[in-house]
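Have a look at the structure below before the remarks.
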Amino acid sequence: MNAIYVLWLRQMKRFLRSRSRIVGSLGQPILYLVALGFGFGPVFQRAGQGNYLQFIAPGVVGMTVLFSGIFSGIELIWDRQFGFLKEVLVAPVPRFAIMVGRTLGGATVSMIQGALVVAICLVMGFRPASLATVPYALVFMALIAVAFTAMGTAIASVLSDFQGFQFVMGFVVMPMFFLSGSIYPLTFAPKALRVVAIFDPLSYGIDGMRTALTGVSQYGGAVDLAVLSGVTAALLALGSWLFSRIQL
């Protein structure tokens with residue numbers, strides 16, 4: 001437990017020291033909220049779908065948590081290249097504990113960034129349908145954070161340089177985001193996209209948060225929770241296994 005706490009604390013200190021990272025993490029969500037939330041709002045409303053800001057806000061929060069979690073893997077590559085990871089791995093600590101500590105630290109950072117975006121959404125006019133369901137939305141935010149931080153760790157465990165993350169962003173993360181229903185309703189999407197979205201774990205996280213915050217659901221809250229919980233457990237197991245096989 002001490003190792004997990006130490007690694008979690010290191011992740012938090014690294015994040016808090018990087019003011020540019022905190023500010024930079026808000027740039028893209030604000031752009032999406034302003035350019036899409038207000039830009040497409042009148043079109044969305046004329047189509048009879050209501051307030052587009054209410055629809056897109058959970059998707060932008062999920063996007064923030066997704067990107068933050070995935071990019072926490074870059075820190076693992078950084079630690080490998082500059083020797084810190086070697087110092088950690090030679091310590092008499094199970095690699096599983098190291099992986100869990102890093103994952104919880106990265107997930108906490110993702111949750112903080114997600115909470116900042118929620119605050120921005122509230123300032124811009126987003127309103128939850130019920131305050132009683134906000135904790136339910138936080139559960140989904142936490143599952144997204146843990147799942148994709150574990151995925152970032154798994155990916156970084158098999159990469160040896162930063163260039164590989166360009167491939168990950170182009171062929172894994174961005175398609176996962178755009179096919180999740182974050183910025184458009186899956187109900188009216190072509191059938192092929194709806195089928196692909198079923199296999200996108202982020203779809204269930206976004207839908208769960210949207211269900212909790214706005215009452216609008218594609219799959220149902222129970223299905224979202226069950227699928228995302230299973231995916232999170234699977235990614236934690238995969239990340240732990242790949243991390244245990246790192247060769248320095």
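Looking at region 191-248, the chymotrypsin sites (Phe, Trp or Tyr not before Pro) that sit in a DSSP loop and have at most 12 other Cβ atoms within 10 Å of their own Cβ are Phe199.
Sequence-ordered 3J(HN,Hα) estimates for region 210-216 from the Karplus curve with 6.51, -1.76 and 1.60 and θ = phi - 60° stand at 5, 4, 5, 8, 10, x, 9 Hz, glycine and proline given as x. When Thr211, Thr187 are arranged by Cβ crowding within 10 Å, least crowded first, meaning fewest neighbours, the order is Thr187, Thr211.
Residues Ile70, Ile4, ranked from the fewest to the most other C-beta atoms within 10 Å, line up as Ile4, Ile70. In the chain, the longest principal axis of the Cα atoms and the axis of helix 95-124 are about 30 degrees apart. The phi-based Karplus calculation (6.51 cos²θ - 1.76 cosθ + 1.60; θ = phi - 60°) puts the 3J(HN,Hα) values of region 224-241 at 4, 5, 5, 5, 5, 5, x, 5, 4, 4, 5, 5, 5, 5, 5, x, 5, 5 Hz, whole numbers, x for Gly and Pro. Here the Karplus curve 6.51 cos²θ - 1.76 cosθ + 1.60, taken at θ = phi - 60°, turns the phi angles of region 186-192 into couplings of 6, 4, 9, 6, x, 4, 4 Hz, with x standing for Gly and Pro.
With Kirkwood's inverse mean 1/r over C-alpha pairs for Rh, give me the Rg to Rh ratio of region 118-174, two decimals please. Result: Rg/Rh = 1.17.
The numbers here are math on the coordinates, done by the rules we state, and not lab data. None of the values given here were measured: they were computed from a predicted structure. Every residue, glycine among them, receives a Cβ derived from its backbone with ideal geometry; neighbour counts consider all protein chains shown.
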